[in-house]
Every structure is written in C-alpha cells, then in structure tokens.
Amino acid sequence: MPELPEVETIARQLRARGVEGRQILSVRVEWPRTVEPLSVAVFCKELRGTTIDRISREGKWMMFSLSSGKTVMIHLRMAGSFSMESGPHDRLVLQLSGGLSLYYRHTRKFRRWKLVDDPQVILAKLGPDALTRRFTQNYFCEAMRERHRMIKPLILDQSIVAGLGNIYADEALWEAKIHPERLSDSLGDAELGNLFKAIKHVLTIGVRNRGTSLGDGKTNYRDVEGESGGHREKVKAYGRGGKPCERCGNPIKKIVVAQRGTHFCPSCQTI
Ligand SMILES: [Zn+2]
C-alpha cells in the first residue's frame, strides 16, 4: 500500500541505482492497459531515445522527467513496485543505457503510467505535499476549520493534503490523540496543531524506516531491493486491533470510517 514514505523510498532507491541520466533504449509493455492515454505503440515511440533526466515525487505520484520535455507520471496504487530484476507480474520493462533494466510490476491490472506534456494537469488537483514547506500549519488549520467533515476522510483527501493513505492517517490520529470520527470544525487550535505535527512526524519516520509493509501477501509493499519496509514494527495503531495501546495499555479498536478499516485507541482518542 504505497503512501508518501513508500513512494519516496522507491524514488530515492531508483536515484541511488543510477536510473537518472540514463537513456531509454527500448520499452516493453507486457500489459497494454498499464499505459494511458496513448496507445502502446505511441507510448513506446515517445519514450524511446529519451533520457530520464530526473526522478521526483509529489504526494503519492512518482515522476520521470524526460529529456523530450514530457513527463511520465506513475501511480503505484495498492501494490505497484519496481525492481531491477525480472519477476512475476511485470507489466512494463524499460531497457536503459549502461545495461540496466527497470521492471515495473503490479499484481493487479491497472492503468498507471501516464505520459503528459505538463505534470500540472495532474498535480494542480492535489493539495500541498505533506512533507514540503508548502504544507503549513496555517493552511492545514484553515482547511480543517472551513469544512464540516469527519477528520479521517478529510486528511485522506489528496486535494487537501497529498501523501497520506490509510496507514499513516491512523498513525497520525493516534499520535495526536484525536478520534477518527471527530468533525473537522470541532477541533481546537491545540488539537489541530498537534495533528499537523503528527502528520509530519509519522511521514518523516516512515521515510526514515523505508516505508511500511503489513501482512505477508503478494500485494504488500516491496522496495526496489525487494525488501519490505522497516516501519512495520513501529506502527502504533494501524493493524493492531485488540493489541494494547502503547500509551495506555487499553486495546486498540478497529472500526470502519468512510469505508476504510480504521484503528484507534478508544481511551486516548475520545470522541
Ligand atoms: Zn491508548
């Protein structure tokens, strides 16, 4: 389930593996519907011969800026990953200069590679990335106060703040001691300030630990080296239903909020 820390980890590893600055010699699309909005033939032609100048991230999107001026935007959704080795579920392969191959794999068959002239077509719809300076406490408090929605779905809304998914939303709310069903405009300045800091904190720790992996199934997060993240033992709420809260010892509870499985401590996070 790649969220901001997982996508950031993969982007850093691709840079560390020297993918930036390499020319795309050929493109093989194993599952045609991986790419959009172009046909596979046009997509491959557009990429062939260009160089991947820069790999960057915004929210949960990864971007390859090409020497042609165009940008490949990749969304890993639930289970997308990259590897330098071939494997099952490879959907797209880039042969790069210097003998390097980059495999994109996904256990599900989504359209997830978009070639665009201007990344703003997609990025303009996103709120500020949670780990950038553009995401300020003032902006966050205003955005919460001027709405009348449950707090958890609101912080998952990528048009308000980009990067949080289900895991880190639960972790941030636990950290700030806020019940996931609290209404956004019922939260006081101190609570919003704590939640703002908690969002930055859990994402920063997540990046430091190279992301989270939960469960052992095929759909779980793997980084470029095929490793699951180191953050799994460090989660405080997500996936810990029935286990004692690290703060108060009472059991963590699982409920459904806006159709998402949600973990919280009923003692520390009261409504
Ligand atoms: Zn507790």
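FYI, it's all coordinate maths here, none of it is from the lab. Keep in mind it's a predicted model, so treat the numbers as computed, not measured. Neighbour counts run over all protein chains shown; Cβ positions are idealised from the backbone, glycine included.
Quick rundown of the values:
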read-out	value
Per-residue [θ]222 nm for the chain (sum of -39500 (n - 2.57) over DSSP H runs n ≥ 4, rounded to 500)	-7500 deg cm²/dmol
R0 of 25 Å, Cβ-Cβ distance M84-D117: FRET efficiency to nearest 0.05	0.30
For peptides 248-256, 194-202, sequence by mean Cβ density within 10 Å, most packed first	194-202, 248-256
Highest average packing first - 36-44, 165-173, Cβ atoms within 10 Å	165-173, 36-44
Ordering of 87-95, 181-189 by packing [mean C-beta count within 10 Å, highest first]	87-95, 181-189
Members of K70/K152; K60/K177; K60/K197; K125/K243; K197/K253 lying beyond 29 Å, as alpha-carbon distances in this model show	K70/K152; K125/K243
Difference of contour (0.36 nm per residue) and Cα-Cα distance, A124 to E146	5.9 nm
